[in-house]
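**Student:** Mind having a look at this structure? Questions to follow.
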Amino acid sequence: MEIKYLQLLGSNPVVKAPDSEHFFTNEPLSSTEIASLENLYNNGSSFPSSLRELLSIAGKSCYVLEYAAFESQEEMQQESRSWLIDDDRNLSITRPYFVLDVYNYGEKFLFVYLDEGEDPIVYQALLDEEPWINSLGSKLSEYVESSVKILMSGYNPF
């Protein structure tokens, strides 16, 4: 796959934190795994290009996104959707979406709508606040690449 949007992430599969012995590593998903997710969460249509790139570079493990303790992307998608049901917010999101990052387990996650073009805007879902959906004001590629730069500068991207 040609990497157009996430070149910095793609060209740095392993990052060593400055002044540290610690290495951070990305782990990709296979094209078959990505296609399965597209079938489940986008009615069989391809994901936006930047999301496909993210998953093909770092869909199993990403050093700038938190996939929590989930065994797979599918488990993270299902669990975050169950939180919406638990909080009576499941009918509030009527467009196809994909969860990118989960933090404060059960309370907050980042996601993109799958119908916003090839490089969608990143949104934050704060299940314990109002308004509970907020745009971060950056596209997926901008968000991820900025986080990679933060990590490469020696700071915590979270």
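**Student:** Name the single residue that is nearest to the chain's Cα centre (by Cα) among those in region 65-105 being within 13 Å of Q124 (Cα to Cα) and without any contact (Cβ under 8 Å) to a residue 24 or more places away in the chain.
**Tutor:** Only one residue tops the list, namely V99.
**Student:** Filtering region 2-19 down to residues that are under 24 Å from P96 (Cα atoms) and not basic (K, R), which residue is least open to solvent (accessible area, probe 1.4 Å)? Let's see the steps before the verdict.
**Tutor:** Keep residues of region 2-19 that are under 24 Å from P96 (Cα atoms), which gives 3-6.
Now narrow it down to the ones that are not basic (K, R): 3, 5-6.
Numbers: I3: 48, Y5: 54, L6: 0 Å².
Within region 2-19, the match that is least open to solvent (accessible area, probe 1.4 Å) is L6.
**Student:** Right, another one. List every residue pair whose Cβ atoms lie under 6 Å apart, where the two residues are 6 or more positions apart in sequence or sit on different chains, the first residue falls within region 131-158 and is closer than 24 Å to L114 by Cα, and the second residue, located anywhere, is open to solvent by less than 50 Å² (accessible area, probe 1.4 Å) and among the aromatic types (F, W, Y).
**Tutor:** If the second residue must be open to solvent by less than 50 Å² (accessible area, probe 1.4 Å) and among the aromatic types (F, W, Y), the pairs left are I133/Y123; S135/Y123.
**Student:** Can you name every residue in region 1-47 that is among the acidic types (D, E) and either in a helix (DSSP H, G or I) or touching a helix residue (DSSP H, G or I) at 6+ places or on another chain (Cβ under 8 Å) (or both)?
**Tutor:** Quick first cut of region 1-47, residues among the acidic types (D, E) only: 2, 19, 21, 27, 33, 38.
Within region 1-47, E27, E33, E38 meet the criteria.
**Student:** Considering region 125-154 alone, what residues qualify as being open to solvent by 20 Å² or more (accessible area, probe 1.4 Å) and under 12 Å from Y63 (Cα atoms)?
**Tutor:** E145, K149, I150, M152 - these are the residues of region 125-154 that are open to solvent by 20 Å² or more (accessible area, probe 1.4 Å) and under 12 Å from Y63 (Cα atoms).
**Student:** Tell me which residues, restricted to region 20-54, are over 13 Å from the mean Cα position of the chain (by Cα), under 14 Å from Q73 (Cα atoms) and open to solvent by 60 Å² or more (accessible area, probe 1.4 Å).
**Tutor:** E27, S31, T32, E33, N39, L40 - these are the residues of region 20-54 that are over 13 Å from the mean Cα position of the chain (by Cα), under 14 Å from Q73 (Cα atoms) and open to solvent by 60 Å² or more (accessible area, probe 1.4 Å).
**Student:** Sticking with this structure for a sec: Give the residues of region 115-158 that are outside any strand (DSSP E or B), among the aliphatic types (A, V, I, L, M) and within 12 Å of the chain's Cα centre (by Cα), sorted by residue number. Steps first, answer last, please.
**Tutor:** Restricting attention to region 115-158, the residues satisfying the condition of being outside any strand (DSSP E or B) are 115-120, 127-132, 140-158.
Then keep just the ones that are among the aliphatic types (A, V, I, L, M); that gives 127, 140, 144, 148, 150-152.
Result: L140, V144.
**Student:** Got a number for residues in region 82-114 being outside any loop (DSSP other than H, G, I, E, B), open to solvent by less than 50 Å² (accessible area, probe 1.4 Å) and not small (G, A, S)?
**Tutor:** Step one: of region 82-114, the residues outside any loop (DSSP other than H, G, I, E, B) are 82-86, 97-103, 108-113.
Subset that is open to solvent by less than 50 Å² (accessible area, probe 1.4 Å): 82-84, 97-102, 108-113.
Now restrict to residues that are not small (G, A, S): 83-84, 97-102, 108-113.
Total meeting the criteria: 14.
**Student:** Here's something else I'd like to know. Which of the residues that make up region 48-72 are among the β-branched types (V, I, T) and part of a loop (DSSP other than H, G, I, E, B)?
**Tutor:** Step one: filter region 48-72 for residues among the β-branched types (V, I, T), giving 57, 64.
The one that is among the β-branched types (V, I, T) and part of a loop (DSSP other than H, G, I, E, B): V64.
The values are calculated or read from the model by the stated rules, or taken from the named source; none is laboratory data. Predicted model, so just to flag it, every value in this text is computed and none were measured. With ideal geometry, Cβ positions are generated from the backbone for all residues, glycine too; neighbour counts draw on all protein chains shown. Just the protein is used for accessible areas: all its heavy atoms, side chains included, with ligands, DNA and RNA removed. Shrake-Rupley method; radii C 1.70, N 1.55, O 1.52, S 1.80 Å.
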